[in-house]
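**Student:** First the structure, then my questions, so here it is.
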Amino acid sequence: MSPAKRTGLLQRLMRGRTAVIGVPYLWLALFFMLPFLIVLKISISEMETVRFKDLIVYADGVLRLSIKLSNYVFITEDDLYFKSYLISIKYAAATTFWCLFIGYPFAYFMARAKATLQPALLMLVMLPFWTSFLLRVYAWKGLLSEHGWVAEALMALQLDGPLQQLGLIESPGLFMNTPFSLLIGMVYTYLPFMILPLYANLAKMDMRLLEAAADLGATPWVAFWKITVPLSKAGIIAGSMLVFIPCVGEFVIPELLGGPQTLMIGRVLWDEFFSNNDWPMASSVAVVMVLLIIVPLALFNKYQAEAQEVKR
């Protein structure tokens with residue numbers, strides 16, 4: 001191949017590579033960065049009845065920049081926002097933990113099951129997505145309400161006493177509108193988002209590593225902790241992020257299954273937007289929430305980059 005043809009081929013490959021990489025960036029710019037910048041603009045704007053003042057005004061040869069930061073100052077001063085952020089992070093972390101605790105054994109069993117059985121198990125995990133999310137949450141209201149199947153089963157097993165001692169329910173037999181009902185609903189809803197990345201990671205694991213560990217005298221438990229868990233870290237982190245991030249801003253489940261003591265940031269956002277009609281304040285709360293979510297995402301990207309460098 002002549003140098004001119006080789007150069008032309010390389011240029012076409014670079015253009016194709018740029019186009020392939022540019023599509024996701026364009027998607028993120030249009031559907032994440034642009035809406036985020038609009039919300040950020042609203043958060044630092046002054047509201048006039050139904051419209052917002054311009055941030056930059058040019059009049060009489062003077063260019064004026066008007067930025068309102070009082071909403072962010074108010075967030076740091078009012079305990080309501082701080083507590084709602086903490087409550088949201090607490091329930092998101094608890095949901096992530098229980099999803100990992102329940103989902104890891106299930107994903108491990110799926111990855112080690114027979115090849116003919118794996119599609120059926122995968123279908124069972126994805127089956128809840130065939131039903132409306134709202135209907136599934138309402139179904140839990142019936143199951144946990146008085147005389148509901150789950151409520152009756154918990155009382156028959158005498159688990160309401162320990163749950164009350166742990167502070168998850170207020171009194172024996174009352175499971176609805178409590179931290180327990182909120183956790184049940186969130187774990188049930190987000191469990192598939194933990195199982196699927198774990199299964200995808202565990203299914204690709206080289207089984208010869210476990211055979212080598214057994215030949216060297218490692219017990220199955222030691223081999224699991226020394227080989228399987230470290231090799232599945234990428235799946236654990238991906239699943240945890242898929243569960244934790246949407247749980248922080250969850251609104252529907254806390255509204256339907258949580259009680260008044262479970263005031264999460266999603267409810268605060270709703271009140272600011274639609275009850276108080278204070279869009280700049282609501283936008284400020286949303287911006288802070290996004291910034292809180294970006295931190296674990298940055299840690300995840302850092303871990304991914306370090307893992308790729310180690311592999312190289």
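The values are calculated or read from the model by the stated rules, or taken from the named source; none is laboratory data. In this text, all values refer to a predicted model and were calculated from it rather than measured experimentally. Using ideal geometry, Cβ is built from the backbone for each residue, glycine included, and neighbour counts are taken over all protein chains shown.
**Student:** Being out of contact with any Lys or Arg (no Cβ under 8 Å at 6 or more places or on another chain) and assigned by TED's automatic domain parsing to the domain that holds F175 is true for just one of L198, L263. Which residue is that? First the steps, then the outcome.
**Tutor:** Working: L263 fails: out of contact with any Lys or Arg (no Cβ under 8 Å at 6 or more places or on another chain).
From the options L198, L263, the qualifying one is L198.
**Student:** Tell me which of these L191 doesn't satisfy, since it passes every other one: (1) over 18 Å from G239 (Cα atoms); (2) touching a Cys at 6+ places or on another chain (Cβ under 7 Å); (3) of a type in the set (A, V, I, L, M).
**Tutor:** Only one criterion in (1) over 18 Å from G239 (Cα atoms); (2) touching a Cys at 6+ places or on another chain (Cβ under 7 Å); (3) of a type in the set (A, V, I, L, M) is unmet by L191, namely (1).
**Student:** Are there any pairs with C-beta distances below 7 angstrom linking a residue in segment 12-41 that is surrounded by 10 or more Cβ atoms within 10 Å (Cβ to Cβ) to a residue that is at pLDDT 75 or above and in a helix (DSSP H, G or I), with the two at least 6 apart or on different chains, and if so which?
**Tutor:** F36/V290; V39/S283; V39/A286; V39/V287; L40/V287
**Student:** Which numbered condition trips up S45, out of (1) within 29 Å of P246 (Cα to Cα); (2) surrounded by fewer than 17 Cβ atoms within 10 Å (Cβ to Cβ)?
**Tutor:** (2)
**Student:** Need pairs with beta-carbon distance below 8 Å; first residue in contact (Cβ under 8 Å) with a residue 60 or more places away in the chain and within segment 77-93, second basic (K, R) and surrounded by 15 or more Cβ atoms within 10 Å (Cβ to Cβ); sequence gap 6+ or separate chains.
**Tutor:** Qualifying pairs under 8 Å: S84/R267.
**Student:** Output the residues belonging to segment 221-236 that are of a type in the set (V, I, T) and without any contact (Cβ under 8 Å) to a residue 24 or more places away in the chain.
**Tutor:** Within segment 221-236, the subset of a type in the set (V, I, T) is 222, 227-229, 236.
Selection gives V222, I227, V229.
**Student:** While we're here: With the condition kept exactly as written, say whether any residue in segment 255-270 is closer than 29 Å to N301 by Cα and aromatic (F, W, Y). Give the steps one after another, and end with the answer.
**Tutor:** Going residue by residue through segment 255-270, those that are closer than 29 Å to N301 by Cα are 264-266, 269.
Keeping just the survivors that are aromatic (F, W, Y) gives none.
Scanning segment 255-270, I find no residue that is closer than 29 Å to N301 by Cα and aromatic (F, W, Y), so the answer is no.
Okay, residues lined up against (1) touching a strand residue (DSSP E or B) at 6+ places or on another chain (Cβ under 6 Å); (2) in contact (Cβ under 8 Å) with a residue 24 or more places away in the chain; (3) surrounded by 20 or more Cβ atoms within 10 Å (Cβ to Cβ):
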| residue | (1), (2), (3) |
| --- | --- |
| Q158 | no, no, no |
| Q164 | no, no, no |
| I169 | no, no, yes |
| P172 | no, no, no |
| P179 | no, yes, yes |
| T189 | no, yes, yes |
| P197 | no, yes, yes |
| A203 | no, yes, no |
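**Student:** In this structure, does Y85 turn out to be closer than 30 Å to M176 by Cβ, in the same structural domain as A238 (by TED's automatic domain parsing) and crowded, with 16+ Cβ neighbours inside 10 Å?
**Tutor:** Values: closer than 30 Å to M176 by Cβ: yes; in the same structural domain as A238 (by TED's automatic domain parsing): yes; crowded, with 16+ Cβ neighbours inside 10 Å: yes.
Yes: the conditions hold for Y85.
**Student:** Further question on the same structure: Consider only pairs whose beta carbons are under 6 Å apart and that are at least six residues apart or on different chains; among these, list those whose first residue lies in segment 127-139 and is in the same structural domain as P192 (by TED's automatic domain parsing) and whose second residue is surrounded by fewer than 13 Cβ atoms within 10 Å (Cβ to Cβ).
**Tutor:** none
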